[in-house]
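Remarks on the structure that follows.
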Amino acid sequence: MSFNAARAILIAWGLCLIFPPTELMAGTLTSPVERADEPFRLSTSTVTTGTLLEKWLDVERRVDDEQRVLRNCAENRASCQSVAALQFLAIVDKARTLEGRARLGDINRAINLKIKPMSDLALYGAEDVWSPPLVTLAKGAGDCEDYAIAKFVALQEAGVSADDLRIVILRDDIREEDHAVVAARLDGNWLLLDNQHMVMAEDQQVRDYYRPMFLIDRGGVKRYSSESPVSEGSRGYERLVGQIPH
């Protein structure tokens, strides 16, 4: 890895403040549903209203718009006017030649190296801006959720089922930061694709320093409950009350 690429990954540690607490907590929840097959093996409640859901629905609409650009460029790359689309297609094409863990790791590495870590405030003059993949690649920069969204879409384009993909919002209580990663299910286990690491860890390996807060899948947004893990032997985490500390 080049010095600049390594430096960019290290800088990302300081650029993962992505969700203001009031926005995270705003919203309506349904009753918890136990899902042992979800990342971290915890029960979740569906978020039915609120800013977090609105942001995700807006990103989904923008991703749909970008799909048309990608289809046109894929059909005739010589006439494609979007450099970002060509970059995205190149990442997906290479990943399609691989299988299993190698495919996941290739997309994690490619997007980590393609995007420079930068705060929303520096990029857009505003906080908590969610961007679809082509916008992020065109900027050449983004923060945690921008990496995660790009990977989430690229993995599906490369042939990974949406049923096996989640975007997970984690809380680092030591740094008092929120962080977004992609979780991909492989052989019954969930691997985390993180912009801070090239090596993918399993969800249970990060439980000592990350607390799962929310997950996003093609069905919408869900909040993790404060109950103990469904599987035996896994460590529970503190009960959430009031606002998330910031």
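A short reminder: the numbers here are calculations on the coordinates, not readings from a lab. Note that the structure is a prediction, hence the values are computed from the model and not measured. As a convention, Cβ positions derive from the backbone with ideal geometry for all residues, glycine included, and neighbour counts pool all protein chains shown.
Close amide H pairs (under 5 Å, H built 1.01 Å from N) link residue 143 with 118, residues at least 5 positions away or on another chain.
Modelled spin-label separation between residue 189 and residue 138, with each label point placed 7 Å from Cα along the Cα-to-Cβ direction: 4.0 nm. Label-to-label distance, residue 90 versus residue 176, with points set 7 angstrom from Cα along the beta-carbon direction: 4.2 nm. Extension gain for residue 201-residue 72 works out to 42.9 nm (0.36 nm per residue, less the C-alpha to C-alpha distance).
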